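Visitor: Pasting a structure here, questions to come.
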Protein chains: 2
Amino acid sequence: MSMVGVIGYGVVGSGTVELFEKHREEISKKVGRKCDIKYICDLRDFPGDPFEDKLVKDFNIILNDEDIEVVAEMIGGATLAYEYTKKLLERGKSVVTSNKELVAAHGAELIAIARAHNCNYLFEASVGGGIPIIRPLNKCLAGNEIKQISGILNGTTNFILTKMIKEQMDFDSALKLAQELGYAEQDPTADIEGHDACRKICILGSLAFGKQIYPEYVHCSGISGITPDDVEYAENAGYAIKLIGTVKPAENGKVLAIVCPRLVEKSNLLASVDDVYNAISVVGDGVGDVLFYGRGAGRLPTASAVVGDIIDCLKHHHKVLALSWEDCFDKDYVADYKKDQVSMYVRIKAEDAQALKSAISEMFGKLMYIERAGRPDNELAFITPHMTEEDIDLNLAILSHSSEIASKIRLL
Amino acid sequence: MSMVGVIGYGVVGSGTVELFEKHREEISKKVGRKCDIKYICDLRDFPGDPFEDKLVKDFNIILNDEDIEVVAEMIGGATLAYEYTKKLLERGKSVVTSNKELVAAHGAELIAIARAHNCNYLFEASVGGGIPIIRPLNKCLAGNEIKQISGILNGTTNFILTKMIKEQMDFDSALKLAQELGYAEQDPTADIEGHDACRKICILGSLAFGKQIYPEYVHCSGISGITPDDVEYAENAGYAIKLIGTVKPAENGKVLAIVCPRLVEKSNLLASVDDVYNAISVVGDGVGDVLFYGRGAGRLPTASAVVGDIIDCLKHHHKVLALSWEDCFDKDYVADYKKDQVSMYVRIKAEDAQALKSAISEMFGKLMYIERAGRPDNELAFITPHMTEEDIDLNLAILSHSSEIASKIRLL
């Protein structure tokens with residue numbers, strides 16, 4: 001009998017148990033041995049729960065049980081989860097998780113511990129919820145040099161932006177609705193400021209380029225500053241505003257990673273990804289561009305990825321599945337995004353905005369002004385040519401003497 | 001040194017060699033041993049080819065070389081490729097391929113031979129070109145009960161339909177353009193009649209539901225009958241016409257598989273998949289709907305998937321990777337699609353078409369008439385309610401006494 005433990009019986013933990021138990025027979029067939037969940041570890045009581053008999057409060061019961069081959073760590077955070085994961089891997093028990101915070105903070109180390117103890121640390125669920133992305137990137141696209149990964153990696157912000165785009169809501173109303181529907185937390189900071197998306201793009205970049213990218217070195221800006229006016233300008237120019245995480249190789253073996261709102265051309269499928277859906281676009285030198293789309297969060301979609309990883313671990317017990325990246329303590333591994341070339345949407349306010357046009361054109365050369373119905377006379381919006389962000393900022397610094405820079409959003 | 005053989009130095013074969021050699025150092029690093037292509041087997045001469053020194057004409061050189069761990073079979077067809085693949089697997093050499101014809105005809109048998117000889121038969125490239133789909137379906141989504149797979153699986157027909165939709169071309173002109181651009185063969189039958197898409201949906205269905213689905217039992221209709229009028233009606237009703245392969249579970253352990261043109265709602269991402277791109281939508285009970293999108297054919301995209309499989313085989317030499325389905329000789333395993341519920345777009349011609357409206361409404365109950373600019377008086381188009389195709393056909397048989405059934409296209 002191949003046994004599984006689950007630690008943390010919250011939303012995803014209970015979804016994992018439900019999905020696994022629902023398909024237990026089929027999973028046993030796939031694995032080729034009888035499989036079951038033996039323990040669910042949580043400090044809380046769940047009286048009347050259908051799996052009450054499996055509930056334990058002491059983590060050591062799982063750690064010390066020889067029958068347990070795989071543990072699903074569903075605690076979250078990077079403290080207790082880190083400690084538990086290390087202990088389990090050191091005992092040769094595979095660990096699977098949706099814990100992006102932990103993978104982004106300690107992925108390289110935990111993978112190395114797993115390898116050393118002939119077991120696996122898998123985290124398909126940590127990026128894109130149920131969307132298959134870790135394994136495809138690691139295996140199916142292994143023959144490619146990855147040129148760029150860009151993705152809508154956070155469902156909450158995508159829901160808010162969709163409401164702003166499709167229903168002309170302002171940010172605060174859209175956030176309130178997301179909270180009412182349970183898509184946003186009461187403290188929505190990690191989502192709306194882009195920290196959640198940042199962890200995910202770090203995981204994808206670590207996997208694609210072979211070295212750990214730490215979130216603290218990645219520039220991250222959220223969507224709380226986006227206004228309905230920006231949405232309307234973007235719409236008129238053929239773009240949708242999306243919160244996008246990108247990572248790509250930079251010069252001298254570095255990488256460029258950044259999370260920020262971006263104007264995405266409507267012809268790009270990413271612009272059509274609405275509501276709580278996520279999508280990840282990968283460009284490789286062989287495959288060209290591929291896109292993965294689906295529910296990026298939620299109880300059962302995330303559990304789907306967790307259970308897939310559990311099955312893979314059970315099927316390959318004591319076989320190390322190839323998935324790894326090196327640790328990287330070089331603070332300069334993430335290149336300065338200001339040196340990267342980009343086009344920028346800019347909205348300015350100035351008493352006599354029209355009079356600034358000739359100065360702006362002189363600064364930027366060929367640029368595109370965009371319009372919106374009822375644009376006030378004191379407002380101008382334009383898209384800069386492709387140039388380094390540093391140079392754009394220099395120009396905007398000069399412009400800021402005679403106007404207020406109201407918005408500044410990169411193009412994808 | 002881990003050695004690879006390539007059999008068949010045509011389009012995909014040469015792409016595979018190019019991509020592998022370009023990334024040889026990186027691949028060796030990923031595999032953890034030095035890797036190279038040792039032989040390229042083809043009966044033709046390639047004077048001046050950069051890999052001329054690797055070319056051999058005798059298959060047995062590859063078969064008998066102990067250094068060869070993996071062979072990429074790029075011959076195509078199900079005769080010589082079948083014989084060679086069997087011989088290689090029986091010697092314990094893993095085989096990877098893009099050969100959908102062979103996998104659809106003999107997948108179960110070849111996977112079983114590989115398993116028995118402690119090697120692997122992988123075919124990520126056989127469906128969707130470079131799009132990762134086989135491995136995600138087999139591994140990442142293993143915790144799901146698959147409810148439906150539907151996909152745009154053929155780039156040639158999707159290119160033709162895109163030209164018909166976006167540029168109002170008729171079928172013949174669009175086909176001619178596709179041939180001029182090299183997207184369609186001189187004999188385009190396998191593409192336009194849906195046989196190519198049929199093999200691919202059979203492979204996906206075999207993998208998802210565990211038993212081999214043979215193409216000969218799957219109803220298959222192509223796009224040669226689609227007219228610009230149909231395209232226009234569909235457009236007006238909010239649909240795009242796409243050639244779609246679908247497979248889903250049916251009653252009594254059977255499956256429903258069918259390839260045909262379908263009206264796809266514009267809100268479905270599949271409707272936005274244009275030109276030679278492919279996309280595959282998978283619905284699972286845990287994950288909900290996920291979609292995989294990319295270049296479904298072409299030299300380097302397909303080679304990307306082949307090289308990914310080569311790397312996986314090299315990494316897991318003498319380890320069997322879990323991927324399999326049973327053979328199935330039950331002709332009734334594929335259920336009768338006429339018993340399935342569907343909505344149908346119907347276009348009829350009749351001298352006094354308007355006069356038939358009351359009879360049609362009586363037959364079908366609540367249905368939707370659709371319009372196009374300049375609709376002639378002798379034409380009517382409508383979408384039936386959701387009902388069995390058998391019942392739709394019974395009604396249309398009656399209607400055919402007083403009108404000509406000009407078009408009949410299923411909705412997705």
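The values are calculated or read from the model by the stated rules, or taken from the named source; none is laboratory data. Everything numeric in this text was worked out from a predicted model, so none of it was measured. Positions of Cβ are generated from backbone atoms using ideal geometry, with glycine treated the same way; all protein chains shown enter the neighbour counts.
Visitor: Out of A:LEU300, A:LEU270, A:LEU291, which single residue is in contact with an Asp or Glu (Cβ under 9 Å, 6 or more places away or on another chain) and of a type in the set (A, V, I, L, M)?
Guide: The conditions single out A:LEU300.
Visitor: Still on this model: Tally the residues that are among the hydrophobic types (A, V, I, L, M, F, W, C), over 27 Å from A:THR16 (Cβ atoms) and facing chain B (nearest Cβ under 8 Å), restricting the search to region A:278-294.
Guide: 2
Visitor: If you don't mind, there's one more thing I want to ask. Identify all residues within region B:300-317 that are more than 15 Å from B:ILE37 (Cα to Cα) and more than 7 Å from chain A (Cβ to nearest Cβ); write none if there are none.
Guide: B:THR302, B:HIS316, B:HIS317
Visitor: Taking the options A:LEU269, A:LEU314, A:LEU321, A:LEU300, name whichever one is without any contact (Cβ under 8 Å) to a residue 60 or more places away in the chain and of a type in the set (A, V, I, L, M, F, W, C).
Guide: A:LEU269
Visitor: Looking only at region A:177-187, count every residue that is part of a helix (DSSP H, G or I) and either buried (at least 18 other Cβ atoms within 10 Å of the Cβ) or not assigned by TED's automatic domain parsing to the domain that holds A:ILE226 (or both) and tell me the total.
Guide: 1
Visitor: Across region A:8-53, what is the total count of residues that are surrounded by 17 or more Cβ atoms within 10 Å (Cβ to Cβ), more than 27 Å from A:GLU185 (Cβ to Cβ) and in contact (Cβ under 8 Å) with a residue 40 or more places away in the chain?
Guide: Residues that pass the stated criteria total 5.
Visitor: Further question on the same structure: In this structure, does B:ALA297 turn out to be closer than 21 Å to B:ALA208 by Cα, within 14 Å of chain A (Cβ to nearest Cβ), aliphatic (A, V, I, L, M) and within 23 Å of the chain's Cα centre (by Cα)?
Guide: So B:ALA297 fails the test.
Visitor: Do we find a residue being crowded, with 17+ Cβ neighbours inside 10 Å and within 14 Å of chain A (Cβ to nearest Cβ) anywhere in region B:84-93?
Guide: Within region B:84-93 (the criterion being crowded, with 17+ Cβ neighbours inside 10 Å and within 14 Å of chain A (Cβ to nearest Cβ)), the answer is no, since none of the residues qualifies.
Visitor: Only residues that are under 13 Å from the mean Cα position of the chain (by Cα), of a type outside the set (Gly, Ala, Ser) and more than 10 Å from chain A (Cβ to nearest Cβ): list them for region B:245-277, please.
Guide: B:THR246, B:VAL247, B:ILE258, B:VAL259, B:CYS260, B:VAL276, listed by residue number.
Visitor: Right, next: Is region B:343-360 home to any residue that is closer than 30 Å to A:GLY32 by Cβ, touching a Leu at 6+ places or on another chain (Cβ under 8 Å) and either at pLDDT below 95 or not aromatic (Phe, Trp, Tyr) (or both)?
Guide: No, there is no match, as no residue in region B:343-360 is closer than 30 Å to A:GLY32 by Cβ, touching a Leu at 6+ places or on another chain (Cβ under 8 Å) and either at pLDDT below 95 or not aromatic (Phe, Trp, Tyr) (or both).
Visitor: Out of (1) on the phi > 0 side of the Ramachandran plot; (2) in contact with an Asp or Glu (Cβ under 6 Å, 6 or more places away or on another chain), the odd one out for B:ASN252 is which?
Guide: Every listed condition holds for B:ASN252 apart from (2).
Visitor: Counting only residues that are touching a Cys at 6+ places or on another chain (Cβ under 9 Å) and assigned to a loop (DSSP other than H, G, I, E, B), which one in region A:124-159 is surrounded by the fewest Cβ atoms within 10 Å (Cβ to Cβ)?
Guide: Selected residue: A:PRO132.
Visitor: Take region A:359-412 and flag every residue that is over 30 Å from A:SER150 (Cα atoms) and in a loop (DSSP other than H, G, I, E, B).
Guide: A:ALA373, A:GLY374, A:ARG375, A:PRO376, A:ASP377, A:ASN378, A:SER400, A:HIS401, A:SER402, A:SER403
Visitor: Can I ask one more? Just checking, how many residues over region A:163-176 are out of contact with any strand residue (DSSP E or B) (no Cβ under 9 Å at 6 or more places or on another chain) and either part of a helix (DSSP H, G or I) or of a type in the set (S, T, N, Q) (or both)?
Guide: The number of residues fulfilling the criteria is 9.
Visitor: Return the only residue of B:ALA78, B:ALA116 being more than 30 Å from A:VAL12 (Cα to Cα), out of contact with any helix residue (DSSP H, G or I) (no Cβ under 6 Å at 6 or more places or on another chain) and surrounded by fewer than 22 Cβ atoms within 10 Å (Cβ to Cβ).
Guide: So the residue among B:ALA78, B:ALA116 that is more than 30 Å from A:VAL12 (Cα to Cα), out of contact with any helix residue (DSSP H, G or I) (no Cβ under 6 Å at 6 or more places or on another chain) and surrounded by fewer than 22 Cβ atoms within 10 Å (Cβ to Cβ) is B:ALA116.
Visitor: Quick one: is B:GLU326 under 30 Å from B:CYS119 (Cα atoms) and either modelled with pLDDT of 90 or more or not aromatic (Phe, Trp, Tyr) (or both)? Steps first, answer last, please.
Guide: Values: under 30 Å from B:CYS119 (Cα atoms): yes; either modelled with pLDDT of 90 or more or not aromatic (Phe, Trp, Tyr) (or both): yes.
Yes; evaluated as a whole, the condition is true for this residue.
Visitor: While we're here: Does B:GLU124 count as touching a residue at least 12 places away in the same chain (Cβ under 8 Å) and either of a type in the set (Gly, Ala, Ser) or within 11 Å of chain A (Cβ to nearest Cβ) (or both)? Step through it out loud before you land on a result.
Guide: Working: touching a residue at least 12 places away in the same chain (Cβ under 8 Å): yes; either of a type in the set (Gly, Ala, Ser) or within 11 Å of chain A (Cβ to nearest Cβ) (or both): yes.
So B:GLU124 passes the test.
Visitor: Sticking with this one: Starting from residues that are facing another protein chain (nearest Cβ under 7 Å) and out of contact with any strand residue (DSSP E or B) (no Cβ under 6 Å at 6 or more places or on another chain), keep the ones in region B:133-148 and report whichever is farthest from A:THR16 (Cα to Cα). Even if it seems obvious, please write down each step before you answer.
Guide: Quick first cut of region B:133-148, residues facing another protein chain (nearest Cβ under 7 Å) only: B:135-136, B:139-145.
Those left that are additionally out of contact with any strand residue (DSSP E or B) (no Cβ under 6 Å at 6 or more places or on another chain): B:135-136, B:139-140, B:142-143, B:145.
Details: B:ARG135: 21, B:PRO136: 18, B:LYS139: 16, B:CYS140: 14, B:ALA142: 13, B:GLY143: 9, B:GLU145: 14 Å.
Looking at the filtered set, the residue picked out is B:ARG135.
Visitor: Let me ask something else. Conditions first: (1) buried (at least 24 other Cβ atoms within 10 Å of the Cβ); (2) not assigned by TED's automatic domain parsing to the domain that holds A:ILE68. A:TYR121 passes all but one, so which condition is the exception?
Guide: Going through the list (1) buried (at least 24 other Cβ atoms within 10 Å of the Cβ); (2) not assigned by TED's automatic domain parsing to the domain that holds A:ILE68, A:TYR121 breaks only (2).
Visitor: Okay, moving on. Let me spell it out: the conditions are (1) touching a His at 6+ places or on another chain (Cβ under 8 Å); (2) at pLDDT below 95, and A:PRO215 meets all of them except one. Which number is the exception?
Guide: A:PRO215 satisfies all of (1) touching a His at 6+ places or on another chain (Cβ under 8 Å); (2) at pLDDT below 95 except (2).
Visitor: In the set B:GLY129, B:GLY151, B:GLY210, B:GLY155, which member is within 14 Å of chain A (Cβ to nearest Cβ), in contact with a Ser or Thr (Cβ under 9 Å, 6 or more places away or on another chain), at pLDDT below 95 and closer than 17 Å to B:GLY245 by Cβ?
Guide: B:GLY129
Visitor: Okay, moving on. Residues of region A:1-15 being closer than 16 Å to A:LEU88 by Cβ and within 12 Å of chain B (Cβ to nearest Cβ), which ones? Full working, then the answer.
Guide: Here is the first cut: in region A:1-15, the residues closer than 16 Å to A:LEU88 by Cβ are A:2-8, A:13.
Hit for region A:1-15 is A:VAL4, nothing else.
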